[in-house]
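The values are calculated or read from the model by the stated rules, or taken from the named source; none is laboratory data. Everything numeric in this text was worked out from a predicted model, so none of it was measured. Glycine gets a Cβ as well: all are built from the backbone with ideal geometry, and neighbour counts include every protein chain shown.
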Amino acid sequence: MSSKSRTVCISGLGQVGLPLACLVASSGFDVTGVDTNKDWLKLLSEGMLEGNEKELGSLLKQALDRRKLKLSSVIEQSDVHIIAVPTLLTHQNQPDISRVYQVVETILPVLRPHDLVIIESTCPIGTTEKISRTMRAHTPLLHIAHCPERVLPGSVLNELINNDRVIGGVNETSTLKAEEFYATFIKGNILKTTSRMAEAVKLAENSFRDVNIAFANEISMLMDQFDLNTNELIRLANRHPRVDILKPGPGVGGHCLSVDPWFLIDSKSSSNSLISRAREVNTLKIDWVVDKVKASLKNKDDAVACLGLSYKANVSSLDASPALEIVKRLEMDTNVIRVDPFVKGTEPISKALSRSQIVVGLVAHDEFKNIPCKYLENKIVLDFAGVFE
Ligand code: SAJ
């Protein structure tokens with residue numbers, strides 16, 4: 001594939017689509033980055049990029065300056081179309097992939113035979129084949145593949161380049177075309193399979209992590225009953241060569257682990273499957289933390305400094321954040337001080353600690369690690385995220 005002659009249109013300039021668009025543009029393709037949010041497009045065009053992805057801002061600027069990346073709200077005719085819009089859950093925990101279908105509808109009129117369509121959005125098994133039937137009925141000889149994104153927020157560019165990628169076409173030619181495309185800008189291995197397997201692999205990966213975090217969370221609640229320190233338990237147990245317990249936290253957040261397991265158990269599994277039980281444990285952990293904090297209050301007016309609001313350490317995203325949920329619930333009847341160096345409008349650490357009676361660790365940001373012990377003297381400290389470990 002000659003990179004110079006190829007055009008790529010990427011729909012969805014979020015935490016996956018934007019870095020992907022910048023990377024593909026820096027590899028020599030002419031990229032149109034499409035997003036329906038015009039305010040966001042304006043911010044991007046002005047280079048107003050805030051966040052935790054190091055080097056993304058300069059890559060974006062470079063791509064725009066060199067005119068390899070064009071920002072637009074309209075899909076354009078291109079050799080390669082990539083769909084990277086979010087997939088969501090309904091209130092009944094059913095997959096909501098309407099945004100993917102909206103993009104499909106807008107791509108249809110510009111498709112030409114032999115174009116390559118790639119779906120990066122996480123989807124229930126069989127979605128790519130369904131979309132392929134619709135698209136191929138409209139335009140023959142298309143190549144269509146599912147190439148699930150696997151990047152870790154906070155390290156997106158690095159993972160985008162270096163992670164192995166699972167690539168599954170709806171037929172062999174599609175797989176090969178998609179492989180050829182990704183090989184031009186990623187360094188990781190390309191693992192070829194079918195589109196259904198690629199969809200399933202992605203869902204299994206995130207379910208695996210959710211189930212394992214649920215185990216850690218359950219252990220932490222059990223150890224509390226025995227008055228044993230969970231972190232010490234995990235440290236000791238993990239010295240076994242085949243044991244690797246993850247870290248307990250106040251729950252599981254982000255738009256991936258709390259959503260994707262439902263895509264897997266949606267159609268086939270019963271509600272008491274291990275995966276749905278894990279979801280329940282991770283959700284219940286939020287209630288458990290709220291109860292623990294409330295039980296520690298000596299006076300109704302005690303000031304509670306809650307350290308961390310984001311969905312995980314060292315990122316600013318508040319997406320489905322258990323810490324934020326806990327803080328909001330406590331605020332209903334408790335004197336809460338919000339502290340998070342990644343979130344504007346919250347209180348500086350030292351000021352919050354000086355006027356609080358209770359300190360609650362919710363997110364293990366690096367900036368909390370250096371809090372001097374003397375700041376915590378004579379305070380009740382409840383650590384649900386290994387902040388002070
Ligand atoms: N968490 C714990 N304990 C742990 C690890 C994580 O409580 O030991 C919590 C975090 O605090 C956070 C949540 O789990 O609330 C998710 O964090 P994460 O770092 O595990 O994952 P995400 O959601 O940021 O990104 C995941 C990744 N998937 C896997 O690691 C299998 C990433 O590679 C995917 O690309 C991403 O989901 C996605 O977009 O699907």
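Just one residue in the set T32, T87 is closer than 28 Å to I144 by Cβ, within 16 Å of the ligand (Cβ to nearest atom) and of a type in the set (S, T, Y); that residue is T87.
Do you know which of the residues in the stretch 163-217 that are among the polar types (S, T, N, Q) and in a helix (DSSP H, G or I) is farthest from the ligand (Cβ to nearest atom)? Talk me through it step by step, then tell me what you get.
First, the residues of the stretch 163-217 that are among the polar types (S, T, N, Q): 163, 171, 173-175, 184, 189, 193-195, 206-207, 212, 217.
Then keep just the ones that are in a helix (DSSP H, G or I); that gives 173-175, 195, 206-207, 212, 217.
Values: T173: 27, S174: 22, T175: 21, S195: 17, N206: 5, S207: 9, N212: 8, N217: 7 Å.
Step by step, filter the stretch 163-217, then rank; the result is T173.
Taking only the stretch 346-366 into account, find how many residues are of a type outside the set (S, T, Y) and loosely packed, with under 14 Cβ neighbours inside 10 Å. Residues that pass the stated criteria total 4. Once the stretch 372-386 is narrowed to residues that are modelled with pLDDT of 95 or more and not in a loop (DSSP other than H, G, I, E, B), the residue that is farthest from P322 (Cα to Cα) is I380.
Within the stretch 241-272, the residues that satisfy the criterion of being away from the ligand (no atom under 15 Å from the Cβ), at pLDDT below 95 and closer than 28 Å to P153 by Cα are I265, D266. Considering E76, E53, the condition of being more than 19 Å from the chain's Cα centre (by Cα) and surrounded by fewer than 24 Cβ atoms within 10 Å (Cβ to Cβ) is satisfied by E76 alone. Of the candidates L13, L44, the single residue that is in contact with a strand residue (DSSP E or B) (Cβ under 6 Å, 6 or more places away or on another chain), more than 30 Å from H114 (Cβ to Cβ) and either within 16 Å of the ligand (Cβ to nearest atom) or part of a helix (DSSP H, G or I) (or both) is L44.
Within this structure, K247 passes the test of being closer than 30 Å to P86 by Cα and either under 19 Å from the mean Cα position of the chain (by Cα) or assigned to a loop (DSSP other than H, G, I, E, B) (or both).
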